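Note sheet for the following structure.
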Amino acid sequence: MTAASLALDLANPVALRRVSSHGSGRSWGGRHGPSSLRLPKGLRCPRRAPARVLVPAAAVTAVQEVGAVDRIASLSQVAAVLGTQWGDEGKGKLVDILARNFDVVARCQGGANAGHTIYNAEGKKFALHLVPSGILNEETLCIIGNGAVVHLPGLFQEIDGLESNGVSCEGRILVSDRAHLLFDFHQVVDGLREAELGNSLIGTTKRGIGPCYSSKVIRNGIRVCDLRHMDTFVQKLDTLMRDAAFRFEGFKYNVDMLNKEVDRYKKFAERLDPFISDTVHVINESILQKKSILVEGGQATMLDIDFGTYPFVTSSSPSAGGICTGLGIAPRCLGDIIGVVKAYTTRVGSGPFPTEILGKSGDVLRVAGMEFGTTTGRPRRCGWLDIVALKYCCQINGFSSLNLTKLDVLSELSEIKLGISYRQKNDGEKVESFPADLYLMEQTQVDYEVLPGWQCDISSIRNYKDLPPMAHRYVERIEELVGVPIHYIGVGPGRDAIIFK
């Protein structure tokens, strides 16, 4: 089979199609049993995984398509996509693209504070917060794992929105019976906590994530499985809300509030029942059955409760360790972990940001990259790519490859900076690693390497070799500095706006 004939089969603008060959190759069983599917010579089947080798439906060049198939087909049976900065890197898009080749897509942590924007084949935009980004792919099972916190009104609103736009969710979403429930009062408490901190506020999304995880850790939280026992649910909710009222003077609690919430959750329990599952069992049975699993992380490593810029962090573990604790997957089962990194850096809310660009220059990036939060709509702080922070994240997570997103946003710049090292302001001594101490962070300055820009539109390019030389130099310099290959490059928001390198 020639590359050109392969591209004709792959570039179906209407639907995704299986890669097939009339020549010799390997075959393997898919989700519904044995398949006669054979790969062309030179293409590898996924390690230990079912081979549903699918590629984006957009018509791109033959070389690009062959590269896409090979890159995706080589992923391990259990793979993951995680953020490497302070979130908002564009993880959802890569998950959406890769999900066509996986049986299961699973969220392992976080809640509706995540905001993953994806587009369907017709270019329609979907903003997901709790539902995994694999939902647009009809054959993919989506799992919300035990490490996540679930706000049921928000989840049902997302499901209703998807259904109203023709995306079927019936039988395609499972919610862990071990996941903790996030109530409206958690969101109220989140706001009260931020107000209490005054000028030292964290800058949370006020979605109640922190208070819900706090309830979990002090062991008075309520789990999804508790919805099956409404006789004891009332007492547990009463204890939880009384505790909040005792802690926060601004939270007014009474029996009427409790009764209304109980009545509400009786209805929620009935609707949620078909979705509830022992997802630890489901995932591990899927692994035994050689089904492929893609883990979708929310937020990012620099917001990790342990490794991030504490206390300006989230309340869960968006790094690789959160995969095992948030889904019940044994570490030995993990394979490829893809780190998603924006071609520059952004963060929302308060906290250290060493490479931040202040003033009008930062506004240029913000406008060009449409840097406004998916969840809150808040303008994001913008800065140059921080190589020190990126190397730190690569060490923690052991990324097998990177997805560099939004490279096109830098296209108009005459020069681009990379923050390659930190040093102390007082004596110029080099800081060898990313500091835990925020005081030390304030006393550091960034050393920059300046690269020339390419100053041309790259949004229509789909082959790495067609990028301008200065874009090549930028991509390859990042690879040199962090020691991890970049396999995916985003050049626009659409599903097809990606280069497989």
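The values are calculated or read from the model by the stated rules, or taken from the named source; none is laboratory data. These figures come from a predicted structure and were not determined experimentally. Positions of Cβ are generated from backbone atoms using ideal geometry, with glycine treated the same way; all protein chains shown enter the neighbour counts. Quick note on the areas: whole protein, heavy atoms, side chains included, nothing else; ligands and nucleic acids left out. Shrake-Rupley method; radii C 1.70, N 1.55, O 1.52, S 1.80 Å.
Data overview
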{"quantity": "Test result for Val475, assigned to a helix (DSSP H, G or I), surrounded by 15 or more Cβ atoms within 10 Å (Cβ to Cβ) and of a type in the set (A, V, I, L, M)", "calculated": "yes"}
{"quantity": "Output for segment 96-113, where each listed residue is within 15 Å of the chain's Cα centre (by Cα), in a loop (DSSP other than H, G, I, E, B) and under 22 Å from Leu75 (Cβ atoms)", "calculated": "Cys108, Gln109"}
{"quantity": "Restricting segment 245-270 to residues that are more than 18 Å from Leu152 (Cβ to Cβ) and small (Gly, Ala, Ser), the residue that is least open to solvent (accessible area, probe 1.4 Å)", "calculated": "Ala245"}
{"quantity": "Segment 401-424: number of residues that are in a loop (DSSP other than H, G, I, E, B) and more than 18 Å from Gly90 (Cβ to Cβ)", "calculated": "3"}
{"quantity": "Condition met for Phe434 (under 17 Å from the mean Cα position of the chain (by Cα), among the aromatic types (Phe, Trp, Tyr) and buried (at least 19 other Cβ atoms within 10 Å of the Cβ))", "calculated": "no"}
{"quantity": "Residues that are out of contact with any helix residue (DSSP H, G or I) (no Cβ under 8 Å at 6 or more places or on another chain), over 18 Å from Lys216 (Cβ atoms) and open to solvent by 10 Å² or more (accessible area, probe 1.4 Å), drawn from segment 287-309", "calculated": "Leu288, Gln289, Lys290, Lys291"}
{"quantity": "Complete set of residues in segment 185-223 that are open to solvent by 40 Å² or more (accessible area, probe 1.4 Å), over 18 Å from Val313 (Cβ atoms) and in contact (Cβ under 8 Å) with a residue 60 or more places away in the chain", "calculated": "Val188"}
{"quantity": "Residue match in segment 350-357 (condition: more than 21 Å from Glu449 (Cβ to Cβ), open to solvent by 30 Å² or more (accessible area, probe 1.4 Å) and in contact with a Phe, Trp or Tyr (Cβ under 7 Å, 6 or more places away or on another chain))", "calculated": "yes"}
{"quantity": "Failed criterion for Thr232 (all others in (1) over 30 Å from Phe102 (Cα atoms); (2) buried (at least 16 other Cβ atoms within 10 Å of the Cβ); (3) hydroxyl-bearing (Ser, Thr, Tyr) hold)", "calculated": "(2)"}
{"quantity": "Condition broken by Ile209, with the remaining ones in (1) of a type outside the set (Phe, Trp, Tyr); (2) within 18 Å of Ile305 (Cα to Cα); (3) more than 20 Å from the chain's Cα centre (by Cα) satisfied", "calculated": "(3)"}
{"quantity": "So Val491, is it hydrophobic (A, V, I, L, M, F, W, C), touching a residue at least 12 places away in the same chain (Cβ under 8 Å), within 27 Å of Val367 (Cα to Cα) and open to solvent by 20 Å² or more (accessible area, probe 1.4 Å)", "calculated": "no"}
{"quantity": "Selection within segment 409-430 - on the phi < 0 side of the Ramachandran plot and either out of contact with any helix residue (DSSP H, G or I) (no Cβ under 9 Å at 6 or more places or on another chain) or open to solvent by 40 Å² or more (accessible area, probe 1.4 Å) (or both)", "calculated": "Glu412, Ser414, Glu415, Lys417, Ile420, Arg423, Gln424, Lys425, Asn426, Asp427, Glu429, Lys430"}
{"quantity": "Of all residues in segment 382-396 being open to solvent by 10 Å² or more (accessible area, probe 1.4 Å), part of a helix (DSSP H, G or I) and touching a residue at least 24 places away in the same chain (Cβ under 8 Å), the one that is farthest from Leu82 (Cα to Cα)", "calculated": "Val388"}
{"quantity": "Complete set of residues in segment 358-378 that are charged (D, E, K, R) and open to solvent by 20 Å² or more (accessible area, probe 1.4 Å)", "calculated": "Lys360, Asp363, Arg366, Arg378"}
{"quantity": "Enumeration of residues in segment 350-368 that are out of contact with any Cys (no Cβ under 7 Å at 6 or more places or on another chain) and farther than 21 Å from Gly308 by Cα", "calculated": "Leu358, Gly359, Lys360, Ser361, Asp363, Val364, Val367, Ala368"}
{"quantity": "Residues being crowded, with 23+ Cβ neighbours inside 10 Å, in contact (Cβ under 8 Å) with a residue 40 or more places away in the chain and within 20 Å of Arg178 (Cα to Cα) - total across segment 125-140", "calculated": "2"}
{"quantity": "Condition met for Val367 (free of Cβ contacts under 8 Å to residues at least 40 places away in the same chain, within 23 Å of Thr117 (Cα to Cα) and β-branched (Val, Ile, Thr))", "calculated": "yes"}
{"quantity": "Glu122 of a type in the set (Asp, Glu), free of Cβ contacts under 8 Å to residues at least 40 places away in the same chain and not in a strand (DSSP E or B)", "calculated": "yes"}
